[in-house]
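Just so you know, all these numbers are worked out from the coordinates, no wet-lab data involved. Worth saying up front: this structure is predicted, and the values here are computed from it rather than measured. Here the Cβ positions follow ideal geometry from the backbone for every residue, glycine too, while neighbour counts run over all protein chains shown.
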Amino acid sequence: MHTIFNKSEEQRIVEAIKQAEDNTSGEIRVHIEEHCKYDVVDRAVNVFEGLGMAKTDLRNGVLFYIAFKDKKFAVIGDKGINEKVPENFWNEIKEILRAHFKESRFTDGLVKGIALAGVQLGQHFPRKHDDKDELTNTISFNH
Ligand code: CA
Ligand code: CA
């Protein structure tokens, strides 16, 4: 059982992903687990691959990875994004997450971070009229 979100919180996050993806062809996913005993970015890359997130057309998947009991997180984008955006692209989003997670406000932090990701990604990857939902908007939980 995961204990981080109740149903309505989970719904808010899924809705935030859906709305963010209305702005961009980028595909956002959230993965939650309790602990991360590895380097958090290495672990996020592993999850990214495990979820098949490198299979988007434009290689513009984004993963919000959270190990909530350890208050560790990472935001990583696929290579299509890394080729296009400046290195500090995720800084503001990470700052929002950090500030909220510190107070255990995971839902608010994610909703705000995901919204900003949608806006920022939209500048580099505008949504196309024939957009497909290439990666599910549901949250991935590791129990
Ligand atoms: Ca899409
Ligand atoms: Ca999606």
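For residues that are within 16 Å of ligand 1 (Cβ to nearest atom) and in a strand (DSSP E or B), scanning just region 1-58, find the one that is surrounded by the most Cβ atoms within 10 Å (Cβ to Cβ). Here the answer is Glu27.
Being buried (at least 19 other Cβ atoms within 10 Å of the Cβ), closer than 15 Å to Ala20 by Cα and more than 16 Å from ligand 2 (Cβ to nearest atom) holds for only one residue in Ile139, Ile66, Ile93, and it is Ile93. In region 117-133, is there at least one residue being away from ligand 1 (no atom under 16 Å from the Cβ) and closer than 21 Å to Arg12 by Cα? No: region 117-133 contains no residue that is away from ligand 1 (no atom under 16 Å from the Cβ) and closer than 21 Å to Arg12 by Cα. For Leu58, the conditions (1) over 18 Å from Asp133 (Cα atoms); (2) more than 14 Å from the chain's Cα centre (by Cα) all hold with the exception of (1).
Only one of the numbered conditions (1) in contact (Cβ under 8 Å) with a residue 40 or more places away in the chain; (2) surrounded by 20 or more Cβ atoms within 10 Å (Cβ to Cβ) is not met by Thr107, and that is (2). Search region 23-46 for residues that are within 20 Å of Glu10 (Cβ to Cβ) and pair each with any residue that is within 16 Å of ligand 1 (Cβ to nearest atom) and acidic (Asp, Glu) when their beta-carbon atoms are under 6 Å apart and the residues are at least 6 apart or on different chains. From region 23-46, the pairs are Glu27/Glu134. Scanning region 88-110 for residues that are farther than 17 Å from Gly61 by Cα, in a helix (DSSP H, G or I) and of a type outside the set (S, T, N, Q) yields Glu92, Glu95, Ile96, Leu97, Arg98, Ala99, His100, Phe101, Phe106, Asp108, Gly109. A single entry from Lys128, Lys79 fulfils the requirement of being touching a residue at least 60 places away in the same chain (Cβ under 8 Å), exposed (fewer than 13 other Cβ atoms within 10 Å of the Cβ) and out of contact with any Gly (no Cβ under 9 Å at 6 or more places or on another chain): Lys128. When Ile76 is tested against (1) away from ligand 1 (no atom under 16 Å from the Cβ); (2) in contact with a His (Cβ under 9 Å, 6 or more places away or on another chain); (3) farther than 19 Å from Glu9 by Cα, exactly one condition is not met: (2).
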